[in-house]
Amino acid sequence: MDNTNEIQAKRKRVLSLIQPTSVPTLGNYLGAMRNWASLSAEYDCVYGVANLHALTVRRPATDLRKQTQELFAILLALDLNQGNNVVFVQSHVPSHCQLSWILSCYTQFGEMSRMTQFKEKAAQHSDNVNVGLFTYPTLMAADILIYQADLVPVGDDQKQHLEICRDIATRFNGVYPNTFTVPEPYIGKLGGRIMSLQDPTRKMSKSDPNPKGAISMLDDENTILKKCRGAVTDSETVVRYGEGKEGINNLMTIYACCTGESFEQIETAFAGQGYGAFKTAVAEVVIAALRPFREKYKAYMADPAGLQSIAAEGARAAARIADRTTEKAMKRVGLWRI
Ligand code: TYM
């Protein structure tokens with residue numbers, strides 16, 4: 001082993017996935033994906049499209065396929081497929097499901113019943129409270145543990161799922177020592193919870209019934225401007241971070257994430273300018289942040305055969321790691337391997 005390999009062998013692994021429920025929002029970008037790109041310098045990263053998780057909510061098959069391909073192209077356009085990184089689609093690596101089953105046998109019904117996202121989603125889709133929705137966190141735990149991930153960059157809303165993943169891994173390791181790396185969550189200092197532009201007490205979400213509440217990563221510049229200008233604020237006119245100013249706090253967070261400026265710098269820069277000028281400035285920095293990836297995205301989407309071959313390559317690279325862990329777990333629990 002030469003020196004370079006030794007150093008590479010010590011690099012920690014980062015993993016994160018995103019669901020292809022529709023085009024990702026500015027919340028997904030600022031809360032998660034923006035950090036994904038910057039982590040590539042320091043870690044070996046595995047990033048993927050969680051299309052199996054997306055099956056928990058019913059939609060036309062053609063939509064799911066299209067949204068999976070679009071999201072995969074978005075990940076590539078964000079330059080995540082660089083160096084030792086792996087970018088893949090979850091369903092292309094079948095061992096996720098095998099490990100998920102094993103893990104579900106080491107997960108208690110009671111702890112799963114406490115998942116707040118399950119309760120929220122069950123209320124939102126009361127006509128389809130399927131078992132997949134309930135066991136969703138064990139598939140997510142399999143996604144993470146199968147790559148022996150050290151660090152999982154996510155937004156604030158996934159914290160509880162990360163905790164249960166750590167509990168499952170620790171429990172399993174208690175019976176079969178050293179099977180899984182117990183992962184740590186990585187939640188950025190800023191942007192872990194970007195709120196809706198129309199109701200700043202709720203998180204910005206792909207499934208927001210009010211389209212003005214969420215900025216999509218593929219919105220055109222004019223739409224972004226309109227959505228920012230229409231953002232709900234308060235009756236004061238001072239740009240400052242404070243209690244009872246959820247709308248302005250959210251816009252300041254977005255501005256700070258996009259520019260790297262502190263809240264104090266923003267307050268000084270916009271002193272005496274009112275909300276109109278600030279909202280336009282927020283739109284401008286969002287547009288500038290999203291612009292570079294847009295052209296690359298179009299190029300990937302214009303070449304379906306190329307996209308397919310990158311996906312096949314990603315699946316092979318992902319399976320090389322995933323299958324090794326699954327094999328180890330299968331042997332440990334006593335499944336007959338032939
Ligand atoms: P998903 O697809 O809902 O969201 C993808 C990522 O975006 C973050 N996020 C936000 N961050 C800040 N503000 C917001 N308003 C906001 N909305 C979403 C999410 O926290 C997430 O990091 N279960 C996961 C997908 C998944 C996964 C995994 C994640 C499947 N397997 C393994 C990590 C590791 C989900 O539904 O994310």
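Quick notes on this structure:
- Kirkwood-Stokes translational diffusion coefficient of the chain, alpha-carbon pairs, 10 °C, 1.306 mPa s, µm²/s: 75 µm²/s
- Rolling a 1.4 angstrom probe over the stretch 211-338 with all protein chains present gives an accessible area of which 54% lies on carbon and sulfur atoms.
- Portion, in percent, of the accessible area of the stretch 1-132 that falls on carbon or sulfur, probe 1.4 Å: 52 percent
- Comparing Asp79, Asp323, Asp234 in a Gaussian network model of the chain, where Cα atoms under 10 Å apart are tied by springs, the biggest mean-square fluctuation is seen for Asp234.
- When both the stretch 97-122 and the stretch 223-299 are represented by their alpha-carbon centers, they are found 38 Å apart.
- In this rough spin-label picture, where each label sits 7 Å from Cα along the Cβ direction, the Glu163-Asn84 distance is 3.2 nm.
- Radius 14 Å from Cβ of Tyr106, net charge of other residues (Lys, Arg +1; Asp, Glu -1): +1
- GNM top mover of Thr138, Thr68, Thr268 - the chain, alpha-carbon springs below 10 Å: Thr268
- Percent RCO, i.e. relative contact order, over the chain, from Cα pairs under 8 Å lying at least 6 residues apart: 22 percent
- Mean residue ellipticity, 222 nm, helices only, the chain: the sum of -39500 (n - 2.57) across DSSP H runs of n ≥ 4, divided by residue count and rounded to 500, is -16500 deg cm²/dmol.
- Calculated accessible area for the stretch 221-298 comes out at 49 Å² per residue, all protein chains present (probe 1.4 Å; ligands, DNA, RNA ignored).
- Note on the chain: GNM, Cα springs under 10 Å; of Glu111, Glu70, Glu284, the largest mean-square fluctuation is that of Glu111.
The values are calculated or read from the model by the stated rules, or taken from the named source; none is laboratory data. In this text the structure is predicted, and so the values were computed from the model without any measurement. When we count neighbours, we look across all protein chains shown, and the Cβ atoms used for this are built from the backbone with ideal geometry, even at glycine. Note: accessible area is taken over every heavy atom of the protein model, side chains too, but ligands, DNA and RNA are not part of it. Shrake-Rupley method; radii C 1.70, N 1.55, O 1.52, S 1.80 Å.
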